[in-house]
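So the structure is just underneath, and the comments pick up after that.
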Amino acid sequence: MANFLEGFYQPFQLLLGGDPQLAAIVLLSLRVSGIALAISAVIGIPLGALLGLTRFYGRPLVVALVYTGMAFPPVVIGLFVYLLLSRSGPLGALALGWIPRLFTPEAMILAQVIIALPLVAGFTLAAVQGVDPALRLQIQALGASRWQTAGAILEEARVGVVAAVVAGFGGILSEVGAVMLVGGNIAGQTRVLTTAIVLETNKGNFALALALGGVLLGIAFAANLLILRLEGRSWHS
Amino acid sequence: MSDLYTLQGVTVRYGAHTVLAVDKLAIRRGEILSVVGPSGAGKSTLLRLLNFLQPPTSGAIHFDGIPFSADRAATLEMRRRVTTVFQRPVLLRRSVEANITYGLRLRGQRGEAAALHATLASVGLAELAQQPARTLSSGEAQRVALARALVLRPEALLLDEPTANLDPYNVGLIEQNIARLNQEQQTTIVLVTHNLHQARRLAHRVLLLLDGHPVETAATQTFFECPHDPRTAAFVRGDMVY
């Protein structure tokens, strides 16, 4: 009970105390998940829109792959990326400068992109398909080009598209298995909030682990508020 | 009166099923042509062809002498000279005014404030310009859809049962606007309707479609009072079971 109660006020103590280690962990978490989310959104939103708006040979297979990716366990993705990037793996063996090395933030970003991309694409696809089909015909009848039609449908589906981005962010910010495998939880280098929570729990520092959990929740809440705010500005102004 | 549209040997088929087969049809510039017929007769399909929203399976459609082809840029250019108001108004999640100016913005135009206000006033929506469009009643929404088409000043306005399920006040307002548009701007109007009284009130000519085939096209008075085809007579009398 004491640990539990301590966990409620310790996040504030940690944040207000300006602990440099915690600051580094928080910043790395934000950097890794932020970049991974940006990459996933840039690829996933157009991909979801494409799958929702067009019909082409092999589309059902691509859709099935995206939906399967949404349900893929992150730890398995971590294992997959680990094997890809390890020295004897197909990518690691190439030893090219642009290929991320294991136990670096870049490797963690790659794993998180693979986790978030199907979420963003899949929810965008569902949002686009949820738009009234008659709207497309109406927009075209008003003289919209193909790109204008796609833009208008995406705009109509904006609530779902924002939900897709939020889902992607939630999926990677709270994820632990993949980043632990490919990042290694190295202090000062690849330790993020989720891996720090696991470490402190294993060490028996439950109050600190709970406090870190509180910080993680706070970041998730603030980030989602920011995403929703940005959505409001960009679409309604 | 010259022809704005000409259709020759046009068919639309889905698999083995032919939904429209028009051997020959000309729509004159500046006329109101009403298309009547039972449900499933191919009326809406005809409108989609006239708005260049789908290509025919076979045959040729000319608009102002220009053939409707597979060329995407040319099709878009032709599509922007006409527009359709559908039976169910589909409005964007925006204000009434933003919905009305939407078609203009697609063309890179803004529209003059006075002209927009006049259009809004003509359909009785001047007070609702800033209201979210999706909060409107069905009658108001259909008037927004009509205003959205009117501001584009199309050469041809295609109306797919624009007053179905509306109250008499909204029907009257929409009919007034259709008639005024045709009289003042000589806009060609193709009006698909189930309401034969409406066709009689508004149209210069009436076309009866049955099972995708044109049965008779005649001046409104002739169509209703002394049709040439017995099927037209039966349809007008309401004897046709469908």
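Name the most mobile residue of B:135, B:232, B:188, meaning the one with the largest mean-square fluctuation, in a Gaussian network model of chain B with Cα contacts below 10 Å. Comparing B:135, B:232, B:188 in the GNM, the peak value goes to B:135. Measuring nothing but alpha carbons in region A:86-183 and taking Rh as the Kirkwood radius, the Rg to Rh ratio lands at 1.20. Remark on region B:50-178: ratio of C-alpha radius of gyration to 2.2 N^0.38 Å is 1.11.
Computed from Cα atoms, the angle from the helix B:168-185 axis to the main principal axis of chain B rounds to 80 degrees. Computed log10 I(q)/I(0) for region A:1-154 at 0.09, 0.10, 0.12, 0.18 Å⁻¹: -0.48, -0.57, -0.74, -1.07, from the Debye equation with unit scatterers placed on every C-alpha and solvent omitted. Under a Gaussian network description of chain A, with springs only between Cα atoms under 10 Å, the residue in A:218, A:48, A:143 that fluctuates furthest is A:143. Across peptide B:66-78, the mean count of Cβ atoms from other chains lying within 10 Å of each residue's own Cβ comes to 1. Under Stokes-Einstein, with the Kirkwood radius over Cα pairs as Rh, the value for the protein assembly as shown at 20 °C and 1.002 mPa s is 81 µm²/s. For chain B, what proportion of DSSP beta bridges, expressed in % and rounded to the nearest 5, is antiparallel? Taking every DSSP beta bridge within chain B, about 60 percent pair in antiparallel fashion. Just B:27, B:189, B:66 to compare: in a GNM of chain B, with alpha carbon springs under 10 Å, which one fluctuates most? Most flexible of the set in this elastic network: B:66. Taken over chain B, the percentage of Cα pairs per 5 Å bin, counting from 0 up to the bin with the maximum distance, is 1, 6, 14, 18, 19, 17, 13, 8, 4, 1, 0. For residue A:91, the solvent-accessible surface with a 1.4 Å probe is about 60 Å², rounded to the nearest 10.
For the listed peptides B:233-239, B:50-56, a ranking on the average number of other beta carbons within 10 Å per residue, highest first, reads B:50-56, B:233-239. Per-residue packing, averaged as other Cβ atoms within 10 Å, sorts the ranges B:191-200, B:28-37 into the order B:28-37, B:191-200, beginning with the highest. A helix-only calculation puts the protein assembly as shown at -18500 deg cm²/dmol for mean residue ellipticity at 222 nm, using -39500 (n - 2.57) for each DSSP H run of at least four residues, averaged over all residues. The mean number of Cβ atoms from other chains found within 10 Å of a Cβ in peptide B:101-114 is 2, as a whole number. Relative protection proxy for A:188-197, B:113-122, from highest mean packing down: A:188-197, B:113-122 (other beta-carbon atoms within 10 angstrom). Quick check: the angle from helix B:96-106's long axis to the longest principal axis of chain B, C-alpha only, nearest 10 degrees? So the inclination is approximately 70 degrees. Inter-chain neighbour count for B:91-100: the average number of beta-carbon atoms from partner chains within 10 Å of each residue's beta-carbon is 2.
The values are calculated or read from the model by the stated rules, or taken from the named source; none is laboratory data. These figures come from a predicted structure and were not determined experimentally. Glycine also receives a Cβ, built like all others from the backbone with ideal geometry; neighbour counts cover every protein chain displayed. Calculation scope for accessible area: heavy atoms of the full protein, side chains included, ligands and nucleic acids excluded. Shrake-Rupley method; radii C 1.70, N 1.55, O 1.52, S 1.80 Å.
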